[in-house]
Amino acid sequence: MDSYTDGYFSPNEDVTRVAHCKTMEEYKEIYGESINDPDKFWGNYAKNFYFKTFPDKNLFDYNFDIRKGDVYIKFAEDAITNISYNCLDLKVENGLGDVVAFYWEGNDPLDCTSITYKQLLDEVCKFSNVLKSLGVKKEDKVAIYMPMILELVVAMLACARIGAVHSIVFGGFSAESLCNRILDASCDVIITADGMYRGTKLVKLKNIASEAVKLCSEANHKVTTCITVKHVTAKSFSDEETKRPSMRPCLDLQLSWNKDVDRWWHDLMANASTTCEPEWMKSEDTLFILYTSGSTGKPKGILHHITGYMLWASATHKYTFDYHPGDVYFCTADIGWITGHTYVTYGPLLNGATSVIFEGVPYFPDQSRLWAIVDKYQVSKFYTAPTAIRSLMKHGEEPVKKYKRTSLQVLGTVGEPINPEAWLWYRNVIGNGKCSIVDTFWQTETGGHVLTPLPGCTPTKPGSATFPFFGIVPSVLSDEGKEITSSDEGYLVFNKPWPGMMRTIHGDHKRFEGTYFTRFPGYYVPGDGCIRDKDGLFWITGRIDDMINVSGHLLSTAEVESSLITHHLVSEAAVVGRPDPIKGECLYCFVTLLDGVEFTPGIVIELKGKVREHIGGFSIPDYIQSAPALPKTRSGKIMRRVLRNVARDNHDLGDISTMADESVIGVLFANRVG
Ligand code: WT7
């Protein structure tokens, strides 16, 4: 049990008893080693893995200071390894072949299976051979657009095994977004599935993928092969069961199929060999590319490289969740986001863990689903997002209390600042008041956790991500770039690299330097505001740029705005974030129509359709209001600060002396929606 004094929850004693790191003294000692001699620290950690050539003693080579030349980060450059080998072959060699790697829990509770490390290795080898037979080679980029099924893990590890670079695109993105990502990385092969259910809703993934392939060919890029997993159209249930609308199979789904390009996964796999020698890779070869929103509107293809990412994924998974053999670990994130890359696939497999991989949604078939899963598999370590916690809170304690959840020990959160109320509900209701809460701050760019408590070790305050992980040196800077020592808000920055951080933006190293390394030369600037309190704990206060965090996903206002102005009746659009009780923030849009065009509910629907078409369903704005004119400065810059206040119905606008025409304000408030 923990206790609450002076605003702190003390570490949970039951967790402390077994924890890798049991006291703050121990944390400080290990942290000190990681900072004072990072080469020794990571060199030691690397001993957990197999290297064809073991890392040399001098691991880090970097320049963070743009004034001294190009920014670069290299780690263990001379080492040679393969991450799929370390995830699978090494585990089988170490006697874990029959250990379950994943329990797969389908959208429908009756639909489930599991796979051991040995079985997963066989599948990965088979699919590696399939990719090779299709001509995929080292360094080729492969697009993956799939549901949360085991074949997704197989596909990504097969890419890693043969040295191909996976570019996973979340299944909620539209054909246009998928096409743009395929074009940006020049992928010749795409892997998808016929479809997926999210609750009772069918998403026709294959048809969206076909549309993307068509859009690519219109842009003069030929996708040579599209591999489709038969998932929802596969018959695997009795007639009685299939009467239920949400279930596989879905035999009448019309797939768009082009025999020159399209191949079934099961046909290709039928005769593939289960032996495949891994491609031995250099540390700084690329492992994957993953797109994240950028403030200019064009998504950034973040590149992660092999050895550094491997050590970071493993170490953070081990310490942050205090992972031990025998644990059952469950991360609810989709593999299409970085959380799924690092904490569904790579981190757990590198540590030989047994995990639950869940295809469905927390509210189907009812609001108890996650807790049914926790009890079914006796989950001990659980990881989800504040937005999920808040939407469950709305339904009260009853759906939670239907299940025991006594196996739970550590509860993690990620994606956005967690409000203390949700933190306490997570601890008291979900965790029965006996679990450690770990609020993990990190980004697509950081590869894994950078600020986080360690369970059983760090005293916590609800809403704070507490302290840096090993190897991380954070500071808080003022506008002028001076280190803030009081508890005033400033910019979170890091003054040196860690193994798992991104290396560049695909095809645009200048943008990488411009986005992250120019605001404060010498520092990596993640784009978040931060307060360091009097006890030294870090509190993330939210984005300091034009990015909006909707349900833990960063969206770019520019990207939404450019979708809105593709509507032929729109002349101008501006998008701001508005606080939302469940999503954290939601999108609030101001739209100026062409002269004389009436703003109607029909247009609002069409505008939402535009955002769905250009980005994807998960980014549809909640509010769209008419703005006969936008508030601008005399030099023509949109005053977003004023728009944020209109969206919040806050009439205290502050200094508006630079505004060109104040008369627009009254109309904007009069036209408010929601
Ligand atoms: C941004 C990164 C990291 C995986 C999911 C999102 C925000 C993330 C926290 C947290 C406060 C957080 C930040 C960050 N964020 N975790 N624990 N507390 N804010 O990955 O899409 O790359 O977004 O999410 O603003 O910069 P992402």
| remark: Over the stretch 573-593, the set of residues farther than 20 Å from residue 669 by Cα and surrounded by fewer than 18 Cβ atoms within 10 Å (Cβ to Cβ) is 581, 582
| said: Please go through (1) in contact with a helix residue (DSSP H, G or I) (Cβ under 7 Å, 6 or more places away or on another chain); (2) assigned to a loop (DSSP other than H, G, I, E, B) for residue 497 and return the number of the only condition it doesn't satisfy. | reply: (1)
| query | Among (1) at positive phi; (2) more than 16 Å from the ligand (Cβ to nearest atom); (3) within 23 Å of the chain's Cα centre (by Cα); (4) surrounded by fewer than 19 Cβ atoms within 10 Å (Cβ to Cβ), which single condition is residue 508 missing? | reply | (1)
| query | Tell me, which helices (runs of 4 or more DSSP H) lie completely within the stretch 1-85 with 2 or more residues that are aliphatic (A, V, I, L, M) and surrounded by fewer than 20 Cβ atoms within 10 Å (Cβ to Cβ)? | reply | 24-36
| query | How about the stretch 465-496: which of its residues are surrounded by fewer than 20 Cβ atoms within 10 Å (Cβ to Cβ), of a type in the set (A, V, I, L, M, F, W, C) and farther than 19 Å from residue 30 by Cα? | reply | 477, 484
| message | Just to be sure I understand, how many residues within the stretch 270-295 are away from the ligand (no atom under 16 Å from the Cβ) and among the hydroxyl-bearing types (Ser, Thr, Tyr)? | response | 5
| request: Scan the stretch 453-490 residue by residue and report those that are away from the ligand (no atom under 12 Å from the Cβ) and assigned to a strand (DSSP E or B). | output: 460, 468, 474, 475, 476, 477, 483, 489, 490
| message | For the structure I just gave you, tell me whether residue 126 is touching a Gly at 6+ places or on another chain (Cβ under 6 Å) and among the basic types (Lys, Arg). | response | no
| task | Quick one: which strands (runs of 3 or more DSSP E) lie wholly within the stretch 544-610 and hold at least 2 residues that are among the aliphatic types (A, V, I, L, M), within 28 Å of residue 525 (Cα to Cα) and in contact with a strand residue (DSSP E or B) (Cβ under 9 Å, 6 or more places away or on another chain)? | result | 547-550, 553-556, 570-580
| query | How about the stretch 480-533: which of its residues are of a type in the set (Phe, Trp, Tyr) and touching a residue at least 60 places away in the same chain (Cβ under 8 Å)? | reply | 498, 512, 516, 517, 523, 524
| task | Could you list all residues from the stretch 537-547 that are of a type outside the set (Ser, Thr, Tyr) and either within 10 Å of the ligand (Cβ to nearest atom) or out of contact with any helix residue (DSSP H, G or I) (no Cβ under 9 Å at 6 or more places or on another chain) (or both)? | result | 537, 538, 539, 540, 542, 543, 544, 545, 547
| residue 92: aliphatic (A, V, I, L, M), part of a helix (DSSP H, G or I) and touching a residue at least 60 places away in the same chain (Cβ under 8 Å), yes or no? | no
| message | Every residue in the stretch 552-563 that is more than 10 Å from the ligand (Cβ to nearest atom) and touching an Asp or Glu at 6+ places or on another chain (Cβ under 9 Å), please. | response | 556, 557, 558, 561, 563
| Within the bounds of the stretch 313-331, is there any residue that is farther than 20 Å from residue 455 by Cα and within 16 Å of the ligand (Cβ to nearest atom)? | no
| Selection within the stretch 314-326 - surrounded by 21 or more Cβ atoms within 10 Å (Cβ to Cβ) and touching a strand residue (DSSP E or B) at 6+ places or on another chain (Cβ under 9 Å) | 317, 320, 321, 322, 323
| task | Collect the residues in the stretch 320-335 that are in contact with a helix residue (DSSP H, G or I) (Cβ under 9 Å, 6 or more places away or on another chain) and not β-branched (Val, Ile, Thr), keeping them in residue-number order. | result | 321, 322, 323, 324, 325, 329, 330, 331, 333, 334
| Which ones in the stretch 3-34 are among the charged types (D, E, K, R) and touching a helix residue (DSSP H, G or I) at 6+ places or on another chain (Cβ under 7 Å)? | 22, 33
| message | Would you confirm whether or not the stretch 531-543 contains a residue that is of a type in the set (Ser, Thr, Tyr), closer than 30 Å to residue 332 by Cβ, outside any loop (DSSP other than H, G, I, E, B) and within 24 Å of the chain's Cα centre (by Cα)? | response | yes
| Count of residues meeting criterion [free of Cβ contacts under 8 Å to residues at least 24 places away in the same chain, outside any helix (DSSP H, G or I) and closer than 19 Å to residue 347 by Cα] in the stretch 99-126 | 2
| task | Within the stretch 289-300, track down each residue that is in a strand (DSSP E or B) and surrounded by fewer than 22 Cβ atoms within 10 Å (Cβ to Cβ). | result | 292
| Mind checking which pairs have a first residue in the stretch 543-558 that is more than 13 Å from residue 298 (Cα to Cα) and a second that is within 10 Å of the ligand (Cβ to nearest atom) and part of a helix (DSSP H, G or I), Cβ under 9 Å, 6 or more apart or different chains? | 551/386; 552/339; 552/386
| remark: Condition set of a type in the set (D, E, K, R) and within 30 Å of residue 515 (Cα to Cα), scope the stretch 415-452, selection farthest from the ligand (Cβ to nearest atom): answer is 445
| query | Out of the stretch 252-288, which residues are among the aliphatic types (A, V, I, L, M) and either in contact with a strand residue (DSSP E or B) (Cβ under 7 Å, 6 or more places away or on another chain) or surrounded by 14 or more Cβ atoms within 10 Å (Cβ to Cβ) (or both)? | reply | 253, 255, 261, 268, 269, 272, 281, 287
| query | Of all residues in the stretch 204-243, which are modelled with pLDDT of 95 or more and among the hydrophobic types (A, V, I, L, M, F, W, C)? | reply | 205, 208, 209, 212, 213, 215, 216, 219, 223, 226, 227, 229
| request: Pairs only if they're at least six apart or on different chains, beta carbon under 7 angstrom, first in the stretch 276-300 and among the β-branched types (Val, Ile, Thr), second in a loop (DSSP other than H, G, I, E, B) and within 16 Å of the ligand (Cβ to nearest atom); list them, first residue then second. | output: 289/506; 292/299; 292/444
| note | Residue pairs within 7 Å by beta carbon, gap of at least six or interchain, first lying in the stretch 366-386 and within 18 Å of residue 102 (Cβ to Cβ), second within 16 Å of the ligand (Cβ to nearest atom) and assigned to a helix (DSSP H, G or I), listed first then second, are 383/343
| query | Of these, 635, 626, which one is over 22 Å from residue 551 (Cβ atoms), at pLDDT below 95 and not charged (D, E, K, R)? | reply | 635
| residue 408 is checked against (1) assigned to a loop (DSSP other than H, G, I, E, B); (2) among the hydrophobic types (A, V, I, L, M, F, W, C); (3) under 30 Å from residue 288 (Cα atoms); (4) more than 12 Å from the ligand (Cβ to nearest atom) and fails just one. What number does that condition carry? | (3)
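The values are calculated or read from the model by the stated rules, or taken from the named source; none is laboratory data. Remember, it's a predicted structure, so these values are computed and weren't measured experimentally. With ideal geometry, Cβ positions are generated from the backbone for all residues, glycine too; neighbour counts draw on all protein chains shown.
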